[in-house]
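Trainee: Sending over a structure as C-alpha cells; questions will come in a sec.
The values are calculated or read from the model by the stated rules, or taken from the named source; none is laboratory data. What you are looking at is a predicted structure, and each value in this text was computed from that prediction instead of being measured. Ideal geometry is used to build each Cβ from the backbone, glycine not excepted, and the neighbour counts take in all protein chains shown.
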Amino acid sequence: MDLPFAESYKIKMVETMRRSIRKERERWIRDARYNLFNLRSDQVFIDLLTDSGTGAMSDQQWSALMLGDESYAGASSYFKVKDAIQDILGFEYFLPTHQGRAAENVLFSAMITEGNLIPGNAHFDTTKGHIEFRKATAVDCTIDEAYDTTLDHPFKGNVDLEKLEAVLQNNPRENIPLIMVTVTCNTAGGQPVSMQNLKDVYFLAQKYGVPVFFDSARFAENAYFIKTREPDYADSSIREIVREMFQYSDGMTMSGKKDAIVNMGGFIAFRDKILFRKSSVYNIMFEGYVTYGGMSGRDMNALAQGLYEGTEFDYLETRIRQTAYLGNRLRDFGIPTQYPFGGHAVFVDARRFLTNVPKEEFIAQTLAIELYLEGGVRGVEIGSLMADRDPVTRKNRYPGLELMRLTIPRRVYTNNHMEYVAVALKNVFDRRERITRGVKILWEAPIMRHFTIELEKIR
Ligand SMILES: *Cc1c(COP(=O)(O)O)cnc(C)c1O
C-alpha cells in the first residue's frame with residue numbers, strides 16, 4: 001500500500017479557539033457594520049481572512065528571536081537578512097521595511113511620478129493604492145485566461161506579452177518607470193507565473209529599457225508551481241528555481257509576512273546601487289535607518305530563518321496540498337471556485353455562487369457575510385468593494401472577477417478545520433437560491449475602502 005501524505009511538521013504549542021452560536025454572530029456582524037475586518041478575532045472560529053503575518057513560526061524562528069541584535073546601526077541581525085537575501089534571492093543590495101506596502105512606498109517614492117504608467121499582472125491592492133496615490137496608473141496586462149475561473153491553465157498569473165508590448169510601444173519610455181510582476185498573482189487568485197513568462201517579460205522590458213520588479217510576497221509558492229507544472233523544472237530544487245526567477249528581475253519588494261513566515265517584516269532588494277541609494281533616503285524618512293528599516297533585530301532574525309524554511313520543498317508541499325484539500329472538498333460539493341487552486345487560498349467565484357444578488361449589492365461581500373453567519377468562518381472579499389471607485393469618474397469599478405477568498409495561514413490549521421469550512425460553505429450553497437439581496441454602503445474611505453467600509457444589509 002502507498003503511504004498516505006502527512007504534514008512535514010508537528011505541533012509544539014497550541015492556542016484555544018472559541019466557537020459561537022448563530023445568534024451571537026448575527027449581533028456581532030451587525031455591530032461590525034457587515035465589514036469582516038471590524039470583527040474581533042474572538043468572534044471568529046476559523047480565520048481565513050488572510051495568510052499575512054498569521055503563520056506559525058517554527059522552534060528555530062522562536063529561538064532566533066532570542067539572538068536578535070538590537071543595535072541601531074550595523075546589527076548582526078541585519079547581516080543575517082542580508083546574507084539570506086544574497087544566498088537565496090541573489091541580490092546584493094537591500095533595505096528592510098516594516099512590511100510589504102512600506103517597501104512599495106519607499107521604492108515608488110524613488111521611482112514613480114504623476115502621470116506614469118506601471119504595467120503588470122493584476123497589481124495587489126496596496127501596490128495599486130501606492131501607484132494611484134501618486135496619480136499614476138496601474139495597467140493590468142494579465143492573460144485573459146485568468147478571468148475565466150472554469151478554465152484549467154497552469155499559469156493564470158502570466159503577463160500577456162502583447163498587452164505589455166502595446167503599453168511599452170504606445171507610451172514614451174520616461175512615462176514607464178518600471179514593470180511590476182506579482183508572483184504569485186494574488187489578485188488573479190494566487191495564480192503562478194511561469195519561468196518562461198518571467199523570462200519573456202524581462203527580455204521584452206530590456207528591449208524597451210524598462211526595469212522589472214517582482215512583487216514577491218509568495219515567490220516560494222510560485223517556485224513550487226514552476227517545479228510541479230513546468231516540465232523543464234521538475235528536477236530542479238526550489239532554491240535553484242528561486243535563483244533563476246529573480247535573474248529575470250532588477251529588484252523586488254517583499255512582504256515577509258507571507259513566504260518568509262513571520263508576523264511582521266518586509267524588504268526591498270535591488271541590483272542597482274544608484275537606485276538603492278536613492279531609495280535609502282526615503283527608507284530613512286519613512287521606515288528607519290538603513291540597517292533596521294521598520295524592524296527590530298529579533299524580527300530580522302526570524303525573517304532570515306523564515307526565508308530558508310519558506311523555500312523548503314517539504315514545507316511548500318504540505319502547505320499547497322492543504323490549500324488543494326480545501327479546494328477539492330468545495331469542488332466535490334459543486335461550489336464554483338477559481339481553478340486550478342491558488343497557492344495560499346481557494347477563491348470562490350461569488351458571481352456563479354450567488355446568482356440572484358445584483359452586482360451593485362456587492363456579491364462577494366454578501367457571500368463572506370453568509371459564510372460567517374453560518375459557521376463563524378472569516379473569509380474576505382476580493383471583488384468590487386476592494387476594487388474601489390474609478391479615481392476619475394468616482395463610479396464603482398466591477399473587476400473581471402468577483403471572488404471570496406479563503407486564505408490559509410501557514411502551519412496553523414489542520415485538515416479537520418478545512419473540512420469544517422467546506423461544510424459551512426456547502427450549507428450556504430444549499431440555500432443560495434433564497435439569498436437575493438446584498439449590502440449597501442453607509443460610509444467609505446476615498447482609497448482602499450474595503451478595510452474600513454461600513455455597510456448595511458438590504459432587506
Ligand atoms: C501582502 C501583499 C503585499 C503587501 O504586503 P504587506 O506586508 O501586507 O504590507 C503586496 N503584494 C502582495 C502580492 C501581497 O500579497
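Trainee: In contact (Cβ under 8 Å) with a residue 40 or more places away in the chain, surrounded by fewer than 21 Cβ atoms within 10 Å (Cβ to Cβ) and among the polar types (S, T, N, Q) - does that describe any residue in segment 60-75?
Mentor: yes
Trainee: Tally the residues that are under 16 Å from residue 155 (Cβ atoms), hydrophobic (A, V, I, L, M, F, W, C) and in contact (Cβ under 8 Å) with a residue 60 or more places away in the chain, restricting the search to segment 221-250.
Mentor: So the answer is 3.
Trainee: Which count do you get for residues in segment 359-410 that are modelled with pLDDT under 95 and aromatic (Phe, Trp, Tyr)?
Mentor: 1
Trainee: Separate question: Could you grab me the full set of residues in segment 133-171 that are part of a helix (DSSP H, G or I), closer than 28 Å to residue 229 by Cβ and within 15 Å of the ligand (Cβ to nearest atom)?
Mentor: If the condition is that a residue be part of a helix (DSSP H, G or I), closer than 28 Å to residue 229 by Cβ and within 15 Å of the ligand (Cβ to nearest atom), then 146 is the only one that fits.
Trainee: Inspect segment 235-254 for any residue being within 13 Å of the ligand (Cβ to nearest atom), of a type outside the set (Val, Ile, Thr) and in contact with a Ser or Thr (Cβ under 8 Å, 6 or more places away or on another chain) and give the result as yes or no.
Mentor: yes
Trainee: Further question: Need the failing condition index for residue 104 against (1) closer than 21 Å to residue 184 by Cβ; (2) more than 16 Å from the ligand (Cβ to nearest atom); (3) part of a helix (DSSP H, G or I), just the number.
Mentor: Result: residue 104 passes all but (2).
Trainee: From 219, 214, grab the single residue that is of a type in the set (Phe, Trp, Tyr), more than 22 Å from residue 317 (Cα to Cα) and surrounded by 19 or more Cβ atoms within 10 Å (Cβ to Cβ).
Mentor: Of 219, 214, the one residue that is of a type in the set (Phe, Trp, Tyr), more than 22 Å from residue 317 (Cα to Cα) and surrounded by 19 or more Cβ atoms within 10 Å (Cβ to Cβ) is 214.
Trainee: Residue by residue through segment 398-431, note down the ones that are free of Cβ contacts under 8 Å to residues at least 60 places away in the same chain and small (Gly, Ala, Ser).
Mentor: Matches in segment 398-431: 424 only.
Trainee: Any idea which of (1) of a type outside the set (Val, Ile, Thr); (2) in a loop (DSSP other than H, G, I, E, B); (3) under 23 Å from the mean Cα position of the chain (by Cα) is the one residue 450 doesn't satisfy?
Mentor: Here residue 450 clears every test but (2).
Trainee: Out of 127, 113, I need the residue that is under 30 Å from residue 384 (Cα atoms) and assigned to a loop (DSSP other than H, G, I, E, B). Which one?
Mentor: Step by step, each of 127, 113 is checked, and only 113 is under 30 Å from residue 384 (Cα atoms) and assigned to a loop (DSSP other than H, G, I, E, B).
Trainee: Report every pair of residues separated by at least 6 positions or lying on different chains whose Cβ atoms are under 7 Å apart, first residue within segment 171-186 and over 15 Å from residue 202 (Cβ atoms), second at pLDDT below 95 and of a type in the set (A, V, I, L, M).
Mentor: So the pair list comes out as 185/122.
Trainee: I've got another one for you. Can you confirm whether residue 95 is surrounded by fewer than 23 Cβ atoms within 10 Å (Cβ to Cβ) and touching a helix residue (DSSP H, G or I) at 6+ places or on another chain (Cβ under 6 Å)?
Mentor: no
Trainee: When residue 130 is evaluated against the numbered criteria (1) more than 25 Å from residue 224 (Cα to Cα); (2) in contact with a helix residue (DSSP H, G or I) (Cβ under 8 Å, 6 or more places away or on another chain); (3) more than 16 Å from the ligand (Cβ to nearest atom), which criterion, by number, is the only one it fails?
Mentor: With (1) more than 25 Å from residue 224 (Cα to Cα); (2) in contact with a helix residue (DSSP H, G or I) (Cβ under 8 Å, 6 or more places away or on another chain); (3) more than 16 Å from the ligand (Cβ to nearest atom) applied to residue 130, the lone miss is (3).
Trainee: Residue pairs, Cβ under 6 Å, 6 or more apart or interchain, first in segment 123-148 and closer than 13 Å to residue 105 by Cβ and assigned by TED's automatic domain parsing to the domain that holds residue 191, second away from the ligand (no atom under 15 Å from the Cβ) and at pLDDT 95 or above. List them.
Mentor: Sorted first by the residue in segment 123-148, then by its partner, the pairs are 134/112.
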